[in-house]
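Peer 1: One structure coming up, written as structure tokens, with questions to follow.
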Amino acid sequence: MADVGSCGGRRMTSETLWYANRATGGVCLALFTLVVLLGIAVRLRIRLPGLPRFGTVSLHRTLSLSATAFLALHIGVAVTDGYVNIGALDVLVPFVSDYQPLWLGLGTVAVDLMLAVLITSLLRERVGQRTWRAVHWLAYASWPVALAHGLGTDTGIDWMTWLTVCCAAAVLAALGIRVAHSARAARRTPAALLRTAEGARP
């Protein structure tokens, strides 16, 4: 009886960790999507309702830290879960895991990119504004990689599929607005206005 109870307890713990892994992964995706959307809003100098002028930047930073914390929790749960063998090396080195090496490796790539952004943000004054800004673009690159990681590892989970679709649609819409805004700004440059004026001359 003791052995049966012990096996049942281990099974319950494993299931709890499995669900916790999926839940923290979903929260990470949602938070990082919000971080990307707010990053685009900051670039467009959009002021969110109810927030002061600097509020969008502050919210962007706060959510970035929250997303990083949930990412650490997601990784910790994945390593702790005994259902699959994921070690510390698998977390930092892409495509070396025995379990789903492609999809897990994409998650590792996303983690490495985010670590580069986090470290340079902490050392922003030392690395300089130009280097920080260049590395900061990796945050945008890590998002589609993390999205692919989620699609590959959570295949067949309906709520995760719908969450992924909604996050992808939101980011694509925001990128469309960003591109349209850049195109309008390019047409308003002094050189463009001069060419327009010269073309309008009789």
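Peer 1: List, please: which pairs have Cβ atoms under 9 Å, are six or more places apart or on different chains, and start with a residue in the range 90-106 that is modelled with pLDDT of 90 or more and part of a helix (DSSP H, G or I) and end with one that is open to solvent by 60 Å² or more (accessible area, probe 1.4 Å) and small (Gly, Ala, Ser)?
Peer 2: Listed by first residue and then by second, the contacts come to nothing, as the list is empty.
Peer 1: Return yes when residue 81 is touching an Asp or Glu at 6+ places or on another chain (Cβ under 9 Å), under 24 Å from residue 16 (Cα atoms) and of a type outside the set (S, T, N, Q) and no when it is not.
Peer 2: Judged against the criteria, residue 81 is not a match.
Peer 1: Looking at the range 151-172, I want the residues that are among the aliphatic types (A, V, I, L, M) and have a partner that is modelled with pLDDT under 85 and not in a helix (DSSP H, G or I) with Cβ atoms under 7 Å, at least 6 apart or on another chain. Which pairs are those?
Peer 2: Close Cβ pairs satisfying both conditions: 160/154.
Peer 1: For the range 36-58, name all the residues that are modelled with pLDDT under 90, open to solvent by 30 Å² or more (accessible area, probe 1.4 Å) and under 19 Å from the mean Cα position of the chain (by Cα).
Peer 2: 42, 43, 57, 58
Peer 1: Sticking with this one: Considering the range 67-108 alone, what residues qualify as being under 15 Å from the mean Cα position of the chain (by Cα) and surrounded by fewer than 16 Cβ atoms within 10 Å (Cβ to Cβ)?
Peer 2: Matches in the range 67-108: 69, 72.
Peer 1: For the range 153-173, how many residues meet the condition of being aliphatic (A, V, I, L, M) and within 17 Å of residue 103 (Cβ to Cβ)?
Peer 2: Selection size over the range 153-173: 4.
The values are calculated or read from the model by the stated rules, or taken from the named source; none is laboratory data. Keep in mind the model is a prediction, meaning the values are calculated, not measured. So basically every Cβ, Gly included, is an ideal-geometry build from the backbone, and we count neighbours across all protein chains shown. In case anyone asks, the SASA skips ligands and DNA or RNA and just uses the protein heavy atoms, side chains included. Shrake-Rupley method; radii C 1.70, N 1.55, O 1.52, S 1.80 Å.
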